[in-house]
Amino acid sequence: MEHQIAASLSAGLGRGVLITGAGGQLGHALAERFPEAIALVRGEWDVCFPPPEVEGVEAVLHAAAWTNVDGAEDDPQGAAAVNVGGTQNVAALGAPLVYFSSDYVFDGSKREPYVESDAPSPLSAYGRSKLHGEAAAGESAWVVRSSWLFGPVGHNFVRTMLRLGVERDEVAVVDDQRGSPTYTVHLAEAVPRIALLPFGLYHVAADGDCTWADFAEAIFEEAGLDCRVRRISSVEFGARAPRPAYSVLRSEKGAPALPHWREGLRACLERLL
Ligand SMILES: NC(=O)c1ccc[n+]([C@@H]2O[C@H](COP(=O)([O-])OP(=O)(O)OC[C@H]3O[C@@H](n4cnc5c(N)ncnc54)[C@H](OP(=O)(O)O)[C@@H]3O)[C@@H](O)[C@H]2O)c1
């Protein structure tokens, strides 16, 4: 069964594939990678509601999600409605699906990369909703955990830093969280290879790791912006939701390896600048 679906995903253009959340940064990259897919933005399918009538769906790339990590602390039920209830509605289509999950299912107490067999222990309402969403994806699913997504469209750290780097001489950036910034285009390109694997849980994130402050410095350097990075702690930054101090993901199950985050950054900046 997996291999039949893999054919529609890896044959190239995504006929028979439905993408949710196509207006988001990953959804956009998936829609570019699979131009023949039915790519639905939130206005076309709010996944909190049952699916619209769509014929011939052979696989779903489920990129719609509540991604406001701090906002989820104030409205955990709202986050769960989208990330858990919405995923149940997507699974109810009856087609195999790729559910995109997050490094925030881990508490960050490890100091070496998290692999698929590590026990999740989310610190935040968002992390809990993503973890419960993994279960809601059902048996016929590839659950793909990735981390620190950025791309040429949508809200993300790279675009924020490019804006701040023009406006300011210095930005204060958190230096006690370590992860692997992953380029949405690289993740989207890995989907056909993921679909060749059996259903199950996979970690798919960029090679290499850094802190947010390291990442900000790399963005300014690659973009040629003269802006200093002042390294601060998560406590100083004072975000509403706790984040893992360490959330580097690697696969022990042969999931596709992605290019280094710096390569992703350069490719992203080429499109943005
Ligand atoms: N961003 C990260 O750093 C990161 C890291 C690891 C994993 N992930 C996971 O990767 C996936 C894609 O994330 P992303 O960064 O592309 O997020 P994103 O840019 O925020 O995109 C999410 C999309 O989902 C849409 N959406 C929200 N609620 C919806 C609903 N009820 N029905 C239909 N669509 C809805 C959003 O629309 P509106 O904009 O209109 O709300 C948005 O277009 C998510 O599952 C996320 O949890 C993200």
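The values are calculated or read from the model by the stated rules, or taken from the named source; none is laboratory data. Every value quoted in this text rests on a predicted model; they were computed, and no experiment measured them. All Cβ positions, glycine included, derive from the backbone under ideal geometry; neighbour counts span all protein chains shown. Remember, those area values only see protein heavy atoms, side chains included, never the ligands or the DNA or RNA. Shrake-Rupley method; radii C 1.70, N 1.55, O 1.52, S 1.80 Å.
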Pick from the range 18-37, criterion in contact with a helix residue (DSSP H, G or I) (Cβ under 7 Å, 6 or more places away or on another chain) and aliphatic (A, V, I, L, M), ranking: nearest to the ligand (Cβ to nearest atom):
Leu26
Suppose the filter is of a type outside the set (S, T, N, Q), within 20 Å of Ala267 (Cα to Cα) and within 14 Å of the chain's Cα centre (by Cα); does Gly154 pass it?
yes
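Quick one: which of Leu13, Leu9 is touching an Asp or Glu at 6+ places or on another chain (Cβ under 6 Å) and modelled with pLDDT under 95?
Among Leu13, Leu9, only Leu13 is touching an Asp or Glu at 6+ places or on another chain (Cβ under 6 Å) and modelled with pLDDT under 95.
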What are the pairs, 6+ residues apart or on separate chains, where a residue within the range 22-38 that is closer than 10 Å to Glu189 by Cα has its Cβ under 7 Å from a residue that is part of a loop (DSSP other than H, G, I, E, B) and within 8 Å of the ligand (Cβ to nearest atom)?
Ala29/Gly151; Leu30/Ala63
Can you tell me which residue is most open to solvent (accessible area, probe 1.4 Å) among those in the range 118-131 that are more than 17 Å from Tyr246 (Cβ to Cβ) and out of contact with any strand residue (DSSP E or B) (no Cβ under 9 Å at 6 or more places or on another chain)?
Arg128
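Listed here are the residues, each with its yes/no results for (1) within 11 Å of Ser146 (Cβ to Cβ); (2) open to solvent by 10 Å² or more (accessible area, probe 1.4 Å).
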site: Gln177; (1), (2): no, yes
site: Val185; (1), (2): no, yes
site: Ala188; (1), (2): yes, no
site: Gly200; (1), (2): no, yes
site: Asp209; (1), (2): no, yes
site: Ala216; (1), (2): no, no
site: Glu221; (1), (2): no, yes
site: Val229; (1), (2): no, yes
Of everything in the range 13-33 that's in contact with a Ser or Thr (Cβ under 6 Å, 6 or more places away or on another chain) and under 14 Å from Asn156 (Cβ atoms), which residue is most open to solvent (accessible area, probe 1.4 Å)?
Gln25
Can you find a residue in the range 207-227 that is within 16 Å of the ligand (Cβ to nearest atom), touching a strand residue (DSSP E or B) at 6+ places or on another chain (Cβ under 7 Å) and under 26 Å from Asp74 (Cα atoms)?
yes
Residues located in the range 75-84, provided they are of a type outside the set (S, T, N, Q) and either at pLDDT below 95 or more than 9 Å from the ligand (Cβ to nearest atom) (or both):
Asp75, Pro76, Gly78, Ala79, Ala80, Val84
Within the set of pairs 6+ apart or on separate chains, which have a first residue in the range 197-212 that is of a type in the set (D, E, K, R), a second that is part of a strand (DSSP E or B) and surrounded by fewer than 21 Cβ atoms within 10 Å (Cβ to Cβ), and C-beta atoms under 7 Å apart?
Asp207/His260; Asp209/Arg178
Can you report the number of residues in the range 232-259 which are surrounded by fewer than 17 Cβ atoms within 10 Å (Cβ to Cβ), touching a residue at least 24 places away in the same chain (Cβ under 8 Å) and not in a loop (DSSP other than H, G, I, E, B)?
3
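Residue-by-condition table, conditions (1) crowded, with 24+ Cβ neighbours inside 10 Å; (2) within 13 Å of the ligand (Cβ to nearest atom); (3) not hydrophobic (A, V, I, L, M, F, W, C):
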residue: Pro50; (1), (2), (3): no, yes, yes
residue: Val57; (1), (2), (3): no, no, no
residue: Asn68; (1), (2), (3): no, yes, yes
residue: Asn89; (1), (2), (3): no, yes, yes
residue: Ala92; (1), (2), (3): no, no, no
residue: Ala95; (1), (2), (3): no, no, no
residue: Ser102; (1), (2), (3): yes, yes, yes
residue: Asp107; (1), (2), (3): no, no, yes
Please verify whether Asp74 is among the charged types (D, E, K, R) and open to solvent by less than 50 Å² (accessible area, probe 1.4 Å), treating the condition exactly as stated.
no
